[in-house]
Amino acid sequence: MLKLSNIKTYYGNIQALKGVSLDIAEGEIITLIGANGAGKSTTLMSISGIAPPRTGEIHFMGEPIHAVSPDQIVQRGICQVPEGRRIFPHLTVAENLDMGAFLRNDKVDIKADMDHIFDLFPILNQRRHQAGGTLSGGEQQMLAISRALMARPRLLLLDEPSLGLAPLVIRQIFDIIRKINQERHTTIFLVEQNANLALQIAHRGYVMENGRITLTDKAAALLANAEVKKAYLGI
């Protein structure tokens, strides 16, 4: 479904990605783990066109997208939930969801998708007329994920969804991520510092260090890997 080939991305003269290659098959949950500053978020932003690579290629469903604008990438079926959520704080929950469907014009299906969102996240239904900025951190994360789902993505990019959340809420968010993958058949690329939980729900994983992929394997094998345990799982 998605293939990155020797991606090199820069911020000015600083090279953030140093030849990243990876692939994601349709229907998978893939996680990318690594320390702060390793290049995980830049990988997602390279895919979504926010930080386009200087060299290398990105293909989605067999078509090159490394020179495509971010809005066109969303139209093709890739949507990113950014680190820190970045909802529209002064808009209501319902208005935030409408923004997620901005590029769509199928009003009947948009309403059906919003109803499905409210089934998936009942708390958002209760808060639908409330300003997004007044929600708790966990509720804002649910809203950020829901806003992305309103674009009907085939591939959902999640950047640190557990950031700043209480352990009980984190578990709830990860259960929802698994549910989205299973029930909506949405492929998920998850960047996450909570490597333990990420590997528990993923099919496969990649380990990134200093802008390079250093290890890849099935998620269960990475959970059992002694080096991964020591570096990322605190074991």
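Mind telling me which of the residues LEU163, LEU190 ends up being within 19 Å of PRO82 (Cα to Cα) and in a strand (DSSP E or B)?
LEU190
Need pairs with beta-carbon distance below 8 Å; first residue of a type in the set (A, V, I, L, M) and within the range 93-114, second modelled with pLDDT of 90 or more and surrounded by fewer than 12 Cβ atoms within 10 Å (Cβ to Cβ); sequence gap 6+ or separate chains.
VAL93/HIS129; ALA94/HIS129; LEU103/ASP71
Which members of the range 193-235 meet the condition of being small (Gly, Ala, Ser) and not in a loop (DSSP other than H, G, I, E, B)?
The answer is ALA195, ALA198, GLY205, ALA219, ALA220, ALA221, ALA224, ALA226, ALA231.
Can you name the strands (runs of 3 or more DSSP E) wholly within the range 1-89 that have at least 1 residues being under 17 Å from the mean Cα position of the chain (by Cα) and farther than 26 Å from ILE170 by Cβ?
Qualifying strands (runs of 3 or more DSSP E): 2-11, 14-24, 55-60.
In the range 118-140, is there at least one residue being β-branched (Val, Ile, Thr) and touching a strand residue (DSSP E or B) at 6+ places or on another chain (Cβ under 8 Å)?
no
If only one of MET45, MET61, MET99 is farther than 23 Å from ASN196 by Cα and surrounded by 18 or more Cβ atoms within 10 Å (Cβ to Cβ), which one is it?
From the options MET45, MET61, MET99, the qualifying one is MET45.
The values are calculated or read from the model by the stated rules, or taken from the named source; none is laboratory data. All figures in this text were calculated on a predicted structure; none of them were measured in a lab. Note: ideal-geometry Cβ built from the backbone for every residue, glycine included; neighbour counts use all protein chains shown.
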